[in-house]
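Asker: A single structure is presented below for examination.
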Protein chains: 6
Amino acid sequence: MPLVNIKITNEGVTADKKAQLIQGVTNLLVEVLDKNPATTVVIIEEVETDNWGIGGEAVTERRKRGL
Amino acid sequence: MPLVNIKITNEGVTADKKAQLIQGVTNLLVEVLDKNPATTVVIIEEVETDNWGIGGEAVTERRKRGL
Amino acid sequence: MPLVNIKITNEGVTADKKAQLIQGVTNLLVEVLDKNPATTVVIIEEVETDNWGIGGEAVTERRKRGL
Amino acid sequence: MPLVNIKITNEGVTADKKAQLIQGVTNLLVEVLDKNPATTVVIIEEVETDNWGIGGEAVTERRKRGL
Amino acid sequence: MPLVNIKITNEGVTADKKAQLIQGVTNLLVEVLDKNPATTVVIIEEVETDNWGIGGEAVTERRKRGL
Amino acid sequence: MPLVNIKITNEGVTADKKAQLIQGVTNLLVEVLDKNPATTVVIIEEVETDNWGIGGEAVTERRKRGL
């Protein structure tokens with residue numbers, strides 16, 4: 001029954017990579033906490049780089065500097 | 001003053017349906033908890049089916065099997 | 001499969017009132033969006049009044065003034 | 001290390017305004033709580049006006065009435 | 001830089017199990033998305049069983065029936 | 001009408017510091033986005049150090065090493 005929310009920057013993650021995340025997190029919750037996979041929910045949120053700040057600036061600016 | 005966040009898969013919910021959810025949840029909070037509707041906020045988030053996993057797989061895959 | 005998160009101030013809501021919220025929100029999602037109640041999740045978060053601000057001040061201060 | 005999530009209606013906020021929010025919130029956490037800005041994350045979520053309800057109705061409807 | 005939020009019911013998860021979740025999710029994000037573990041944040045939220053509803057009822061009630 | 005959620009580790013933040021955060025964030029949203037302070041909500045969530053991971057380990061472990 002656990003709920004997992006994964007926030008990442010929106011930079012071209014494929015459906016296949018998302019599927020790997022969903023499966024991997026679900027398996028982890030089964031292994032570590034013995035949770036029921038059938039009711040384990042994983043939601044991936046992709047955030048625009050203008051809307052994600054770290055170190056006081058948007059990721060968009062960091063990417064321009066190669067960070 | 002309550003805040004309600006509703007996450008659903010992005011599968012064509014109309015503005016009218018959203019309005020029904022907003023009104024229904026607000027009424028419920030007034031009835032059950034005597035909250036002030038004027039400051040009750042309801043936010044609906046629509047999540048792509050590739051980004052919503054349950055049972056270890058994306059909803060996109062489940063929809064292909066008619067689930 | 002929808003997920004609903006309800007945030008309210010922590011001011012003595014009983015388990016019975018919480019049960020009414022859970023049932024009411026679940027019913028609403030079934031009625032409006034034809035969702036499956038078996039996989040509809042409702043989470044209630046109770047927030048201390050020192051930790052909830054509106055109008056630039058904590059609810060604790062507002063309560064002292066009878067608001 | 002703090003995480004800040006800012007939800008606003010999607011009504012044309014520019015990248016420059018977002019940058020001001022990111023910088024301002026980060027500075028505030030440094031000043032008030034002495035947090036490390038390098039690991040302070042600020043995420044801005046823009047929500048469609050159909051999906052944001054207050055007072056039991058969508059912001060879309062309120063905007064039509066000039067609210 | 002990803003942020004992961006894991007919500008589970010508050011039913012006696014040990015600090016060691018939490019550490020396993022934190023490490024496992026961080027490793028997964030490194031492997032699947034090549035994210036930097038140093039800035040990957042994992043937050044675990046434990047929710048009282050009265051405050052977690054599924055199928056229209058609180059988990060507290062389900063536990064009484066052995067579910 | 002904006003909603004701000006601030007997550008910090010639970011390490012003894014006073015009510016006065018919280019009030020400064022609430023006021024500071026509210027003022028920032030008024031200044032940058034011309035939002036109405038009366039309907040601006042700020043919620044502070046304090047997370048136990050066992051439940052907050054960064055760099056693949058809990059903050060509890062990092063604090064023991066003086067980080």
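Asker: Going by the conditions given, is E:E61 assigned to a helix (DSSP H, G or I), closer than 18 Å to A:L29 by Cα and open to solvent by 60 Å² or more (accessible area, probe 1.4 Å)?
Answerer: no
Asker: Turning to a different aspect of this structure: Any idea which of (1) open to solvent by 60 Å² or more (accessible area, probe 1.4 Å); (2) farther than 22 Å from E:T26 by Cβ; (3) in a loop (DSSP other than H, G, I, E, B) is the one F:V13 doesn't satisfy?
Answerer: With respect to (1) open to solvent by 60 Å² or more (accessible area, probe 1.4 Å); (2) farther than 22 Å from E:T26 by Cβ; (3) in a loop (DSSP other than H, G, I, E, B), F:V13 is out only on (1).
Asker: For region F:1-32, give me the residue count where each residue is in contact (Cβ under 8 Å) with a residue 24 or more places away in the chain and of a type in the set (K, R).
Answerer: 2
Asker: Moving on to the next point. Mind checking which residues of region F:16-35 are farther than 18 Å from D:K7 by Cα and either in contact with a strand residue (DSSP E or B) (Cβ under 7 Å, 6 or more places away or on another chain) or modelled with pLDDT under 95 (or both)?
Answerer: Matches in region F:16-35: F:K18, F:A19.
Asker: Those residues that are within 11 Å of chain D (Cβ to nearest Cβ), under 11 Å from the mean Cα position of the chain (by Cα) and open to solvent by 20 Å² or more (accessible area, probe 1.4 Å), I need them from region A:16-58; list them, please.
Answerer: Listed by number, the list holds a single entry, A:E45.
Asker: Next up: Consider D:G66 carefully, then state whether it is assigned to a loop (DSSP other than H, G, I, E, B), of a type in the set (G, A, S) and either in contact with a helix residue (DSSP H, G or I) (Cβ under 8 Å, 6 or more places away or on another chain) or under 24 Å from B:T40 (Cα atoms) (or both).
Answerer: yes
The values are calculated or read from the model by the stated rules, or taken from the named source; none is laboratory data. The model shown is predicted, which means the values in this text are computed figures rather than measured ones. Every residue, glycine as well, gets a Cβ built from its backbone with ideal geometry; the counts of neighbours run over all protein chains shown. The area values use the complete protein model at the heavy-atom level, side chains included, leaving out ligands, DNA and RNA. Shrake-Rupley method; radii C 1.70, N 1.55, O 1.52, S 1.80 Å.
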